[in-house]
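S.K.: First the structure, which I've put down as structure tokens, then a few questions once you've had a look.
The values are calculated or read from the model by the stated rules, or taken from the named source; none is laboratory data. Keep in mind that what you see is a predicted model, and the values were worked out from it rather than measured. Backbone-built Cβ (ideal geometry, glycine too); neighbour counts: all protein chains shown. These accessible areas exclude ligands, DNA and RNA; they are computed on the full protein's heavy atoms, side chains included. Shrake-Rupley method; radii C 1.70, N 1.55, O 1.52, S 1.80 Å.
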Amino acid sequence: MLPFLLLATRAEDAAAEGEYRSFLRFTGLAPSNLHRIRVEQEPLPALRLEDYSGIFLGGSPFNSSDAEDTKSPTQHRVERELGELLDRVVENDFPFLGACYGVGTLGRHQGAVIDRTFAEPIGPTEITVNDDGAADPLLAGLPLRFDAFVGHKEACATLPAGAVLLASSSSCPVQMFRVQQNLYATQFHPELDVDALVERIRIYRHAGYFPPDQAETVIERAKAASVTWPPKILNNFVRRYARG
């Protein structure tokens, strides 16, 4: 099987390793079949799409909607390189699934309005799948309502022209969308279970997602949630696009 590619941008080693473990676990892929590039550490190398079955983009501390003059040189480079890669991904309708940061990255690339109107605090939220989502292969086997973990400072306020909305929540109207037939973005994190989220809360307790002294309260709220369905999206993506 041709490997899948995970593009990661988390500077903290613990967060980066935790994310990779989660993607491995819920895709069911072996490390040899899930190549990872930490784009925040080094320039994105020349990639041949034909060498991969599909591409995942993990979450990120970067926000596409940040003022341009506040972005670091690393963020500017990462955004430029991901944009250039997406030029080819979109042109070829190449299998792509971006988690959280994927909404800002793919959405902005395709002309969406990305801003802070629908930011959500870290924790569980109920996702509602619409008719287009119920018919989509990536949501096959999932119920029309399920809980997922979120935590983001920006979101999609207006979909890109031609994009298909697949799922929403009461606090964030764009939770999952598709571009063409094979490019997807979720605002929620399909790679997170309770343990992985708790680890991430502790790593990012000073990152502005919540007051640092409320970390244990946020953790207890996460532990009380029942989040089991979102990882199936990753498994569905692999099953659909794996090729030899």
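S.K.: Put 51, 132 in order of accessible area, largest first, 1.4 Å probe: what do you get? Don't jump to the answer; show the numbers that get you there.
M.R.: Working: 51 65, 132 85 Å².
Reading off the accessible areas and sorting them downward yields 132, 51.
S.K.: I would also like to ask the following. Name the long-range amide H neighbours of residue 158: under 5 Å, sequence gap of 5 or more, or other chain; modelled H, no Pro or chain starts.
M.R.: HN-HN under 5 Å from residue 158: 113.
S.K.: Choose one of 119, 207, 97: the residue whose Cα lies farthest towards the positive end of the charge dipole of the chain (beta-carbon charges +1 Lys, Arg; -1 Asp, Glu; about the Cα centre).
M.R.: 97
S.K.: With loop defined by DSSP as not H, G, I, E or B, and exposure as at most 13 other Cβ atoms within 10 Å, which is the longest segment of the chain clear of exposed trypsin sites (Lys or Arg not before Pro)? If you can, show how the numbers build up before the last one.
M.R.: Values: sites that count: 48, 116, 243.
That would be 117-242.
S.K.: Something else now. What lysines does residue 232 reach when the alpha-carbon gap must be under 28 Å and sequence neighbours fewer than 8 apart in one chain are set aside?
M.R.: 153, 223
S.K.: On to the next question. For the stretch 58-202, what are the per-bin percents of Cα-Cα distances with bins 10 Å wide, up to the bin holding the maximum?
M.R.: Bins of 10 Å from zero give 11, 43, 36, 9, 0 percent of pairs.
S.K.: About the Cα centre, and with charges only on the beta carbon of Lys, Arg (+1) and Asp, Glu (-1), how big is the dipole of the stretch 1-95? Nearest 20 debye, please.
M.R.: Values: 10 positive and 17 negative charges, 77 e Å.
That gives a dipole near 360 debye.
S.K.: Something else: Would you mind computing, in nm to one decimal, how far apart the modelled labels at residue 65 and residue 41 are, each placed 7 Å from Cα along Cα→Cβ?
M.R.: It works out to 3.1 nm between the two label points.
S.K.: Just the number, please: carbon plus sulfur as a percent of the accessible area of the chain, 1.4 Å probe, no ligands or DNA/RNA counted.
M.R.: Details: 5130 of 10230 Å².
C and S atoms contribute 50 percent here.
S.K.: Continuing with the same structure: Quick one: of the DSSP bridges fully inside the chain, what percent are antiparallel, nearest 5?
M.R.: On the way: 19 of 35 bridges.
About 55 percent, rounded to the nearest 5.
S.K.: Let me ask something else. Going by amide H atoms built from the backbone, whose H comes under 5 Å of the H on residue 118, apart from near neighbours?
M.R.: For residue 118, the qualifying residues are 155.
S.K.: What accessible surface, in Å², does a 1.4 Å probe find on residue 65, ignoring ligands, DNA and RNA and rounding to the nearest 10?
M.R.: 40
S.K.: Karplus couplings for the stretch 227-244 from phi (6.51 cos²θ - 1.76 cosθ + 1.60, θ = phi - 60°), rounded to Hz, Gly and Pro as x?
M.R.: 10, 10, 7, x, x, 5, 4, 5, 5, 4, 4, 5, 4, 6, 10, 4, 9, x
S.K.: Sticking with this structure for a sec: Compute the separation of the alpha-carbon centres of the stretch 184-217 and the stretch 222-244 and state it in Å as a whole number.
M.R.: Taking the Cα centre of each part, the stretch 184-217 and the stretch 222-244 sit 18 Å apart.
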